[in-house]
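Working notes, beginning with the structure itself.
The values are calculated or read from the model by the stated rules, or taken from the named source; none is laboratory data. Predicted model, so just to flag it, every value in this text is computed and none were measured. As a convention, Cβ positions derive from the backbone with ideal geometry for all residues, glycine included, and neighbour counts pool all protein chains shown. These accessible areas exclude ligands, DNA and RNA; they are computed on the full protein's heavy atoms, side chains included. Shrake-Rupley method; radii C 1.70, N 1.55, O 1.52, S 1.80 Å.
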Amino acid sequence: MEKIALVTGSSRGIGRAVARELARSGWAVCINYHKQHDCAEALAAELAAQGCRVMVQQADVRRRAQVEAMVAAIRHHFGDVSLLVNNAGISRQGLFQDVSEESWREMFAVNVDGAFHACQAVLPAMLHRHEGSIINISSIWGLRGASCEVPYACTKAAVIGLTRSLAMELAPSGIRVNCVAPGVIQTDMLQEVGEDVIPQLREATPLGRLGTPEDIAHAVAFFADDKSSFVTGQVLTADGGFIL
């Protein structure tokens, strides 16, 4: 199998670390971004200077046509996608009764519809070859639930449902589908909870530290590697023991 990966939302945060990890492990990687063009180009330049094969592609994962165009561009540049990492996501804090219908739908559009669009875009080629791997990024809040993050937790629970169901459906075709559920990770998204809350989250993590994007990238790399060829439909919780 030719190693060609698409990592959605990979201009920063967890996606950036995943793209870097895969590229350094020999994957040709498409760095996808929505608005952070400079961040995506900087990462591409960094990796290209190290001899990695990378390309940058703008696409709003909420828009099916843009996702399909991105996959077509990857096919033209590298070949068919053999590894899809559905990482693009957004979150917001707030009481459930204050959540607007617009905010609710936008959260699902990015976090769930985005994965749906990307999966359907890459699957024809994977099904034709009877091989491929899809890795979805969920969250511990999708497993446990989260006060003041109800829409986000709902979308991440949906991603877990997508993972397990699609894994069952695609296993006879030789395609694996797995999921990583990060805990509290040091990214821009974490800053939204407030500086006073972060020390509390660190204390609540049994390993005594917050996770890094690289911690999640290593988990993704495991699922991407042939060493996990007998693993599908699994949710790997990488949270320092937060929800033990």
What residue, of S138, S229, S147, S165, is polar (S, T, N, Q) and open to solvent by less than 20 Å² (accessible area, probe 1.4 Å)? S138
State whether the residues of region 59-76 include one that is over 20 Å from T212 (Cα atoms), open to solvent by 70 Å² or more (accessible area, probe 1.4 Å), touching a helix residue (DSSP H, G or I) at 6+ places or on another chain (Cβ under 7 Å) and not acidic (D, E). yes
Does region 91-108 include one or more residues that are open to solvent by less than 20 Å² (accessible area, probe 1.4 Å) and either of a type in the set (A, V, I, L, M, F, W, C) or over 25 Å from I216 (Cα atoms) (or both)? yes
Determine whether region 171-180 contains at least one residue that is over 21 Å from D60 (Cα atoms), open to solvent by 20 Å² or more (accessible area, probe 1.4 Å) and out of contact with any strand residue (DSSP E or B) (no Cβ under 9 Å at 6 or more places or on another chain). yes
Search region 1-48 for residues being touching a helix residue (DSSP H, G or I) at 6+ places or on another chain (Cβ under 9 Å), assigned to a loop (DSSP other than H, G, I, E, B) and among the basic types (K, R), and hand back the single one that is most open to solvent (accessible area, probe 1.4 Å). R12
From the set of residues in region 199-217 that are assigned to a helix (DSSP H, G or I) and out of contact with any helix residue (DSSP H, G or I) (no Cβ under 7 Å at 6 or more places or on another chain), which is most open to solvent (accessible area, probe 1.4 Å)? E203
Please enumerate the residues belonging to region 49-100 that are assigned to a loop (DSSP other than H, G, I, E, B) and of a type in the set (F, W, Y). F78
Residue check, T187 against (1) touching a helix residue (DSSP H, G or I) at 6+ places or on another chain (Cβ under 6 Å); (2) within 19 Å of G241 (Cβ to Cβ); (3) open to solvent by less than 70 Å² (accessible area, probe 1.4 Å), all met but one. Which one? (2)
Out of all the residues in region 155-165, which are over 16 Å from the mean Cα position of the chain (by Cα) and either under 17 Å from W104 (Cβ atoms) or in contact (Cβ under 8 Å) with a residue 40 or more places away in the chain (or both)? none
